[in-house]
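Working notes for the structure below.
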Amino acid sequence: MSSTPARFDGDVLRTGRRIPFRLGTLGYLIVVLLVVGIIGSLVSEHFLSVRNIENILVAASVVAILGVAQFFVVVTRGIDLSVGSIAALATVIVAVLLRQGHSAFVAVLLALLACALAGLVNGALVVFGRIAPFVVTLAMMSIARGVAFIIQVGTLIVISNSSFLHVFGGKTGAVPNPVLIAVVVAVLAAAVMRFTTVGRRLYAFGGNPEAARLSGLPVRRDQLTAYVISGLLAGLAGLVLAGRLQQGSSLVGQGYELDSIAATVVGGTSLFGGVGDPISTVVGALIIGMISNIMNLAGIQSEPQLVIRGVVILVAVFLTSGGGTALLRRGRGRRRRGGGAADPGTAPSQDGIEQAPGVVETASSRQS
Amino acid sequence: MAKVVDAVVLEPDHGLALDVRGLRKTYPGVVALDGVDLHVERGAVVGLAGANGAGKSTLVNILSGAQAPDGGEIWVDGRPVNFVSPHEARAAGVYTIFQELSLVPQLSVAENIYLDELQGGRVVRQRDLERRSVEILDSLGGGVDPRDRVGDLSLAQQQLVEIAKALKGQPSVLLLDEPTTTLPPREVDKLLELMRSLATSGVGLIFISHRLDEVTAICDSVEVLRDGRKVTRFESVPAPREIVRAMIGERYENSLAAAAADTGAGRIGGQVRGDVVLSVQGLADGQRFGPCSFELRKGEALGVTGLLGSGQNELAEALFGSRPVSAGKIQRHGRETPVRSPRAAVAAGIGYIPEDRKTEGLVLGMSVRDNTTLASLGTFSHGGFLRRARERHAAEKLVDELHVKCTDVGQRVVTMSGGNQQKVLFARWLVRSSEVLVMVEPTRGVDVGAKEEIYRLVRAYLEGGGAVLLVTSEVAEASLCDRVLVMSMGRVVAEATHEELQNSRDLLGHLR
């Protein structure tokens, strides 16, 4: 008795899912990526050259890894301003350890461990110290860079360990290793968010911390996890930087915190938490990387570039976390209603409510 | 010729302070108001009744200027008005006092009363404000010093300030939305008296309260809304029972929902089967509630009620580990079980349905499925990896059993109605097989049909061997339970069985 209706239900559901013809966030991002790419190819004939594309990818891979690091914190309603400094710290630690004659393996391990520790301190201060993430990570941004400077004693330290340079700066076949690392990070992060309980709990906490807590989830541990992952990945991004620059320096990675935030918000992650995914963040990093590449090819000075980058971030935040969210939703609702007309049963009423959640909420919350 | 006739028809009655005609308001997918009329004579108190979802709040929102109507007319003192903001509504002579007062606690009484004049960078003459405030406050019976900080006043005094603020603008119509909910009984009587004397001075009053005895005590006539329409206007004061019948319609007569709305007998429980599943001894948090002790048996529904702020909500939080306690023990099946966090409570088989399902209960952006399995991720994972097919299957089963209306378990809960959202929360603890369920105001903000369904779900849960602690500020809702604890000032001051409550309506009055 129960199995037949269940199967019938399934059929209805499957068709039901097809009705709202909708481009997901990732879909929109890929469209934007293509548009930016077309603009790039119009601006300069060098844009589509293999060499240039490789440049874009390698440069974007560091921002992509930092973006994923940032994502884990932003999805829990936090923000991590220390990722750039922690990356710098990683370059210095690994350079110092390699200079002291440690093996690449040990050097990398210890560097990553130190960065994870910095993340843990961030998380502990947020969770147990109850200090706002902005303040905690702003302080860590200063502390990590300061520590990097102290450790390095003097100016930069050159890295000559060939196996380290190969792993983080070389190529596998035709593909630069930084790109491979970024792809692996993105895929792993996406899998964690999508297929594991940790990912589900992070989304739940970001979506509604109180609901997560009252469902008995280990909310403190989860928040700590997010900051530790962020520190760890920031360290990894630093190692990639060290491999590319063949040096450790407390001065690298300045402004990368901004780039990483830009990548997450351009990738559709809401600064209010609970919404977004790592793959989209990586595409966001790619879009930003392409835009600055095009500006370089067009011969735009670095100062105007800063202005343009700031504007891009503002537009992205407006659309993902600001007043533009309503705008997007309305636009999407209109389109869906058009698409859903074929089946009058489900879609219209549903997006009708979605269209004006604020109104419906005030109406019902006043009732007693 | 025809035009003249039309004009005559539209000419409003000059005895009316407020004349609302054919008011319409539609939200996407819902007709909230479908041609509602409302007449308020000068010097009269009109009660406005209606179950949740009847359109009461929409009407209040429109009359307060928070929302614009889609159609219909509003006449104030014989003049057609059209306002699109709270400010304009006040200017037009309609002043709304909400349950949540709109006072600034840091400012003085006088400053609060004249808040809307404190703009535009003019110099404020404190003494002038205070002198004018005294006049208004005295006309209301006094007892409040204009120099007092509003934050230091009692709730009743704050309400007086709010009314003074309203009277300053000499309104034609004063709308009071649930003004008595947060007041102790003695203050309620005072407020009703004050409303009477305001009416005598010529203001038209609209009074909304879910306590129907208050409505019948003070109102000259009662308007009842249902499903966005006016269903009845009682020109003389009816019995509460008649109002309830008009409010909820014949379909729900003799239902639990009707019982919860203060008529007839009804019982959620009646399944008590022996063994104690939860025992609380001397639980106290040292601030909001004192030592509380009680036992909860398998299949039992225990109601905990009291005026808002009597400590019942805090007791529920403490029981679920969400509020630190200073003393007391909690035992499950006779074994001491420290509940220091919600996590520990969930592990001990206690579930919790919070007062505000939107801010505390659900992750609104998540799907029905994800919200359902949120407290049981351990059961739906293997080595940290989610078993999504099992999740979907379990959620679909519960959606089916609880009659949750959704197109798919992947639908986000933000798009669902209050009743359906509440069912999703219920499903969360059913899927977890929690033995004890602590529910705080479980039927707030849901319509009659959903209310009935929720009561039936609770009953089914009790039949399945669960035990429920139902915390509610509605005495009538609490009296659906097998046993009722009444709290006041953080203490349990009375206890009664279901039978005792049914045999003595006086007892109910006493508890209130």
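General remarks:
- Verdict on residue A:210 being within 14 Å of chain B (Cβ to nearest Cβ) and among the acidic types (Asp, Glu): yes
- Where strands (runs of 3 or more DSSP E) fall entirely within segment B:24-93, those with at least 1 residues that are under 30 Å from residue B:416 (Cα atoms) are at B:30-41, B:45-50, B:71-76.
- Considering segment B:365-407, and only residues there that are at the interface with chain A (Cβ under 10 Å from one of its Cβ atoms) and at positive phi, the residue that is surrounded by the most Cβ atoms within 10 Å (Cβ to Cβ) turns out to be B:384.
- Criterion (over 20 Å from residue B:426 (Cβ atoms), under 30 Å from the mean Cα position of the chain (by Cα) and of a type in the set (A, V, I, L, M)) met by exactly one of B:339, B:368: B:339
- Filter result (of a type outside the set (A, V, I, L, M), farther than 16 Å from residue A:61 by Cα and touching a residue at least 24 places away in the same chain (Cβ under 8 Å)) within segment A:217-253: A:220, A:222, A:223, A:225, A:227, A:231, A:246, A:247, A:248, A:249, A:250
- Which listed residue is touching a residue at least 24 places away in the same chain (Cβ under 8 Å), of a type outside the set (S, T, N, Q), assigned to a helix (DSSP H, G or I) and closer than 20 Å to residue A:222 by Cβ, from B:346, B:363: B:346
- Yes/no for residue A:170 being surrounded by fewer than 20 Cβ atoms within 10 Å (Cβ to Cβ), more than 28 Å from residue B:422 (Cα to Cα), modelled with pLDDT under 95 and touching a helix residue (DSSP H, G or I) at 6+ places or on another chain (Cβ under 6 Å): yes
- Checked against (1) assigned to a helix (DSSP H, G or I); (2) of a type in the set (A, V, I, L, M); (3) more than 9 Å from every other protein chain (Cβ to nearest Cβ), residue B:437 meets all criteria but (1).
- Residue A:137 surrounded by 20 or more Cβ atoms within 10 Å (Cβ to Cβ), of a type in the set (Ser, Thr, Tyr) and out of contact with any Pro (no Cβ under 8 Å at 6 or more places or on another chain): yes
- Hits in segment B:182-196 (condition: in a helix (DSSP H, G or I) and in contact (Cβ under 8 Å) with a residue 12 or more places away in the chain): B:185, B:187, B:188, B:190, B:191, B:192, B:194, B:195, B:196
- For segment B:93-107, the criterion of being touching a strand residue (DSSP E or B) at 6+ places or on another chain (Cβ under 6 Å), more than 30 Å from residue B:189 (Cβ to Cβ) and touching a residue at least 12 places away in the same chain (Cβ under 8 Å) is satisfied by no residue at all.
- Subset of segment B:328-357 [within 7 Å of another protein chain (Cβ to nearest Cβ) and basic (Lys, Arg)]: B:343
- Checking every residue in segment B:326-344 against the condition of being among the aliphatic types (A, V, I, L, M) and crowded, with 24+ Cβ neighbours inside 10 Å gives zero matches.
- The requirement of being aliphatic (A, V, I, L, M) and at pLDDT below 95 is satisfied by residue A:261.
- Within segment B:1-28, the set of residues being exposed (fewer than 15 other Cβ atoms within 10 Å of the Cβ) and at pLDDT 65 or above comprises B:15, B:22.
The values are calculated or read from the model by the stated rules, or taken from the named source; none is laboratory data. Bear in mind that the values here come from a model prediction, so they are computed numbers and not experimental data. Cβ atoms come from the backbone with ideal geometry, glycine included; neighbour counts cover every protein chain shown.
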